[in-house]
Amino acid sequence: MRTILTIIQKEFIQIFRNKTMLPIIFIVPVVQLLVLVYAANLEMKSIDLVVIDNDISSVSSKLISKFKGSPFFKVRSSISLKDAENEMKKEDADVIMLIPQNFEKKLITENASEIQLLFNAINGTTASISNVYCRMIISGFNQDIILNSGNLYPELATFETINIENSYWYNPKLDYKIYMSSGILVILVTVISMFLSGINLVREKEIGTIEQINVTPIKKYHFIIGKLIPFLIIALFELAFGLVIAKLVFSLPILGSLWLLFGVAAIFLITTLGLGLFMSTIAQTQQQVMFIAFFFMLVFILMSGIFTPTESMPDWAQKVNYINPIAWFMRVIRMILLKGSGFAQIKKEILILTVYGISVLSMAVWRYRKTS
Amino acid sequence: MSEYSVIISNISKSYGDVSAVKNISVNIKKGELFGLIGPDGGGKTTLIRILTTLLKTDTGNATVEGFDILKEYKKIRQIIGYMPGRFSLYQDLTVEENLSFFASVFGTTIEKNYALIKDIYSHIEPFKKRKAGDLSGGMKQKLALSCALIHKPKVLFLDEPTTGVDAVSRKEFWEMLKNLQQYQITIIVSTPYMDEAGLCDRVALMQQGKILSIDSPLNISKQFNKTLFSVKTENKFKLLTDLRNYENMNSVNAFGQYIHYTDLSNSNETNKLEEYLKVKNHTVIKIKKINPTIEDCFIELMKQ
């Protein structure tokens, strides 16, 4: 026990003496939260729409004014399709809407008419979101026509229109910042814990201090635990610091128990810290650890459901996610913070994270050899 | 209790195809200052790493203070001090922090064993608030030695402790080692410097993983059975080639400004050699019979 305390004390002296460490601990969370949450914006606010109105009728101008009235579109008109296409080539247009001649006439005589929508699908997500927005406006427009044409076509006016009222639970205003910032918190503690612990042990190898440690009576588990606890404390501090920023800047709701959150975080951190230590038992240099950690981190983070829900991933990806600790913790943190879930609701996640923590850590202890 | 501190029997170790240590057996007495002398790649470091339980042997076994290096390595780690060839203390911790860290890792304190390290530590104590990384080479070495001694080890292993240290510090360092012998600590030290061999109680000359000879420095020198001359003329390089082409030549080796020479006749006669050198246009010829050093013996042994 005294040995562990000695090692912990030594680690803390070294961490706080390192001039680059303190800025990392305090600046990284602020920058990550502020920059990433604002930058990784999933809302579409200014879709550039170019309209070619070949009909120039009252119906077509009504349709255009519908788009103009929407906060999502910036509407410009163009004379020819060619001009509009050129604009799209220059990335000045996201959507082109072509209203053909006789649009109004057809609508009245044939009871149906068509328009053409062209999407710039360089970014598939943008294109599909623009598509949804366009469809919403057009279908709204459709309904208006049907209702207004009641006096012309009485049989149509008898249609019952179904009004759908949406209510978004746990995030009533659909504020993506709440969703994002809770995810970024997970990334934050993962990065800090995995990189720091990984680099730390391999540094002892690189500098050669491990050689001196290995001939001492320090036991394997003393050493690993002594290395783990300082980073666990720092990572939990990071989480607290990040939560405060998210609360102040984005009014992140904290509905569940903070004790539960930090408890689960500690279990999760044992996994990531253990992974970091495990990597450093395999690698010989800090550079190698950086690359290995970066690889895992990228895969784990992108698959964790920070940007896109894991449920919409293909079947195999969802299976892969079973071994992705970040995905589990991402779920838990959102459940606790946004839904106020209690222990009973996240039992499964806690169990899985615990199994991970124990197995990864024992792997690290097993791999760490004092004798070559 | 046996009189031996370290007993090595038939140890071999290879890295892949390269065998670093070949079937070595040595017994080292308690309280002895034992030197492992030999060129780089001779197997000195490997042998020390095996004895400090950092490496496992392929075959053979050894005991340190009666403990088996394979089965009782945990006990060995309690009683040995080790100073690796590379400075292996925490550069970002201060002198004092390093020392107290290693003290408490061994379950002791600086105060308890201060007497043992006093002579060494007092040199660096004025700088105890300085980071170890900011110390000079000689001071780093003293700190490393202090840390290796802080738990009062029974056996002290030093791997090339004087490599890269200036001549004055080297001399000082050896005096410290000599002083430590009064505490009955067995000291095993490796060095590539032949002049340091003379300071050990016994030395083992190692080359290519084998021990060529084990004895006291004096006895090793006595093994040299040829008459040795030190030769000097104004043109050293020409002298070297001319001596090598001399008909009676047995060995020619450069030693600093001088050339050490033995010939086949093994007599004390120098006239013939002097004649030969005069014919070869050498001037200021100095030929002197000298006593062989360890280095002469080592070179001789290496040839066999």
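Check whether at least one residue in region A:16-28 is modelled with pLDDT of 85 or more, in the same structural domain as A:L252 (by TED's automatic domain parsing) and in contact with a strand residue (DSSP E or B) (Cβ under 9 Å, 6 or more places away or on another chain), and report yes or no.
Step one: of region A:16-28, the residues modelled with pLDDT of 85 or more are A:16-17, A:27.
Filter once more, keeping what is in the same structural domain as A:L252 (by TED's automatic domain parsing): A:16-17, A:27.
Checking the rest, the ones that are also in contact with a strand residue (DSSP E or B) (Cβ under 9 Å, 6 or more places away or on another chain) come to A:17.
Yes, the conditions are met somewhere in region A:16-28.
Report every pair of residues separated by at least 6 positions or lying on different chains whose Cβ atoms are under 6 Å apart, first residue within region B:40-64 and at the interface with chain A (Cβ under 10 Å from one of its Cβ atoms), second basic (K, R). The qualifying pairs are B:L55/B:R49. Among the criteria (1) surrounded by 23 or more Cβ atoms within 10 Å (Cβ to Cβ); (2) away from chain B (no Cβ under 14 Å), the one A:I233 does not fulfil is (1). Here A:L63 meets the list (1) in contact (Cβ under 8 Å) with a residue 24 or more places away in the chain; (2) touching a Leu at 6+ places or on another chain (Cβ under 8 Å) almost entirely, failing just condition (2).
Of the set (1) within 20 Å of A:W328 (Cβ to Cβ); (2) polar (S, T, N, Q); (3) within 14 Å of chain B (Cβ to nearest Cβ), all apply to A:Q212 but (1).
Evaluating A:G183 against the criteria (1) in contact (Cβ under 8 Å) with a residue 12 or more places away in the chain; (2) within 14 Å of another protein chain (Cβ to nearest Cβ); (3) farther than 20 Å from A:G276 by Cα; (4) assigned to a helix (DSSP H, G or I) leaves one unmet condition, (2).
The number of residues in region A:353-372 that are open to solvent by 40 Å² or more (accessible area, probe 1.4 Å), farther than 16 Å from A:S197 by Cβ and in a helix (DSSP H, G or I) comes to 5.
If a residue must be closer than 12 Å to B:S100 by Cα and either away from chain A (no Cβ under 12 Å) or outside any helix (DSSP H, G or I) (or both), how many such residues does region B:135-148 contain? Walk me through how you get there before you give the answer.
Narrowing region B:135-148 to residues closer than 12 Å to B:S100 by Cα: B:143, B:146-148.
From what is left, the residues that are either away from chain A (no Cβ under 12 Å) or outside any helix (DSSP H, G or I) (or both) are B:146.
Counting residues in region B:135-148 that are closer than 12 Å to B:S100 by Cα and either away from chain A (no Cβ under 12 Å) or outside any helix (DSSP H, G or I) (or both) gives 1.
Within the set A:L239, A:L248, A:L252, the sole residue that is away from every other protein chain (no Cβ under 14 Å), assigned to a helix (DSSP H, G or I) and either touching a strand residue (DSSP E or B) at 6+ places or on another chain (Cβ under 8 Å) or buried (at least 19 other Cβ atoms within 10 Å of the Cβ) (or both) turns out to be A:L239.
Filtered by the rule that a residue be open to solvent by 10 Å² or more (accessible area, probe 1.4 Å), part of a helix (DSSP H, G or I) and more than 9 Å from chain A (Cβ to nearest Cβ), region B:77-115 gives B:I79, B:E96, B:Y114, B:A115.
When we screen A:S280, A:S182 for residues that are crowded, with 23+ Cβ neighbours inside 10 Å, within 22 Å of B:D92 (Cα to Cα) and in the same structural domain as A:N324 (by TED's automatic domain parsing), the only hit is A:S280. Just the residues that are open to solvent by 60 Å² or more (accessible area, probe 1.4 Å) and in contact with a helix residue (DSSP H, G or I) (Cβ under 6 Å, 6 or more places away or on another chain), please, taken from region B:224-263. None - no residue of region B:224-263 is open to solvent by 60 Å² or more (accessible area, probe 1.4 Å) and in contact with a helix residue (DSSP H, G or I) (Cβ under 6 Å, 6 or more places away or on another chain), so the list stays empty. Every test in (1) modelled with pLDDT under 90; (2) in a strand (DSSP E or B); (3) loosely packed, with under 15 Cβ neighbours inside 10 Å is passed by B:N10 save one, and that test is (1).
Remark: pairs (first residue in region A:5-29, within 12 Å of chain B (Cβ to nearest Cβ) and assigned to a helix (DSSP H, G or I); second residue modelled with pLDDT under 90 and surrounded by fewer than 16 Cβ atoms within 10 Å (Cβ to Cβ); Cβ separation under 9 Å; 6+ apart in sequence or on different chains) = A:Q14/A:M21; A:I15/A:M21; A:I15/A:L22; A:F16/A:L22. Restricting the first member to region B:159-179 and to residues that are in contact (Cβ under 8 Å) with a residue 60 or more places away in the chain and assigned by TED's automatic domain parsing to the domain that holds B:L116, and the second to residues that are open to solvent by less than 20 Å² (accessible area, probe 1.4 Å) and part of a helix (DSSP H, G or I), the beta-carbon pairs closer than 7 Å and six or more apart or on different chains are B:D159/B:I48; B:P161/B:Q141; B:P161/B:F173.
The values are calculated or read from the model by the stated rules, or taken from the named source; none is laboratory data. Since we're looking at a predicted model, the values are computed, not measured. Heads up, the Cβs are rebuilt from the backbone with ideal geometry, glycines too, and the neighbour counts pull from every protein chain shown. We work out accessible area using only protein heavy atoms, side chains counted, and drop any ligands, DNA or RNA first. Shrake-Rupley method; radii C 1.70, N 1.55, O 1.52, S 1.80 Å.
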